[in-house]
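Asker: Following this message is one structure expressed as structure tokens.
The values are calculated or read from the model by the stated rules, or taken from the named source; none is laboratory data. A quick note: this is a predicted structure, and the numbers were derived from the prediction, not measured. Reconstructed Cβ throughout: ideal geometry from the backbone, glycine too, with neighbour counts over all protein chains shown.
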Amino acid sequence: MRATGGCGVSVPILSSVSDIRDWYHDLHGEHPARVSYVTPGSREVSWTAAFERLHPVIERMARHGQFPLIGTPEWADLPDGDPRLIGSVYYAAEMHALHLSVRAHAMADASREVSTALPWAARYRDGQQRQAWLETNPWAKRVVA
């Protein structure tokens, strides 16, 4: 099913995931397989280490002028071999390392906050006592009908 837009352009009406997949396949061919390029090692990210390694390259590339953010149309228009293209990629890598580092710290903080929010040892002890009481009083167990 297709609709005609205000400019007279015919566009498909995509009403399901399979419609979107079919439309993508018609335009681009088979969807590429998802490949992971990350090694299965430590996931601890040090922004400081990334900054120390990446920033000197970013500074060298910045001597050739400001570079656009990765993925923007201005970035896509940069010719191959333009130092600003490499600078953009290195800058994006540095920002991604910062994002991962901040996220890991936030998750650790949240985990600590959750673990200290309730007296977990007391909750466990209550559960154990309840289980022992139910074993000695089987008539009190709930039965699903």
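Asker: When you scan segment 3-23, do you find a residue that is more than 30 Å from residue 107 (Cα to Cα), at pLDDT 80 or above and among the aliphatic types (A, V, I, L, M), even just one?
Answerer: no
Asker: Against the condition out of contact with any Asp or Glu (no Cβ under 7 Å at 6 or more places or on another chain), at pLDDT 80 or above and of a type in the set (Lys, Arg), how does residue 103 come out, does it pass?
Answerer: On the way: out of contact with any Asp or Glu (no Cβ under 7 Å at 6 or more places or on another chain): yes; at pLDDT 80 or above: yes; of a type in the set (Lys, Arg): yes.
Taking the combined requirement at face value, the residue satisfies it.
Asker: Check 134, 100 and return the single one that is surrounded by 10 or more Cβ atoms within 10 Å (Cβ to Cβ) and either over 30 Å from residue 45 (Cα atoms) or touching a Cys at 6+ places or on another chain (Cβ under 7 Å) (or both). Walk me through how you get there before you give the answer.
Answerer: Numbers: 100 fails: either over 30 Å from residue 45 (Cα atoms) or touching a Cys at 6+ places or on another chain (Cβ under 7 Å) (or both).
Unique residue meeting the criteria: 134.
Each row is one residue, and each column tells you yes or no for (1) closer than 21 Å to residue 61 by Cβ; (2) among the hydroxyl-bearing types (Ser, Thr, Tyr); (3) surrounded by 10 or more Cβ atoms within 10 Å (Cβ to Cβ).
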residue	(1), (2), (3)
79	yes, no, no
86	yes, no, yes
92	yes, no, yes
104	no, no, yes
111	no, yes, yes
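Asker: Another one. Give me the residue from segment 60-77 that is loosely packed, with under 13 Cβ neighbours inside 10 Å and among the aliphatic types (A, V, I, L, M) and, out of that set, farthest from residue 50 (Cα to Cα).
Answerer: Result: 76.
For (1) part of a loop (DSSP other than H, G, I, E, B); (2) small (Gly, Ala, Ser), each residue gets a yes or a no:
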residue: 66; (1), (2): yes, no
residue: 81; (1), (2): yes, yes
residue: 93; (1), (2): no, yes
residue: 113; (1), (2): no, no
residue: 122; (1), (2): no, yes
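Asker: Restricting the search to segment 24-50, which residues are closer than 30 Å to residue 104 by Cβ and at pLDDT 75 or above? Give the steps one after another, and end with the answer.
Answerer: First, the residues of segment 24-50 that are closer than 30 Å to residue 104 by Cβ: 32-50.
Hits for segment 24-50 are 41, 42, 43, 44, 45, 46, 47, 48, 49, 50.
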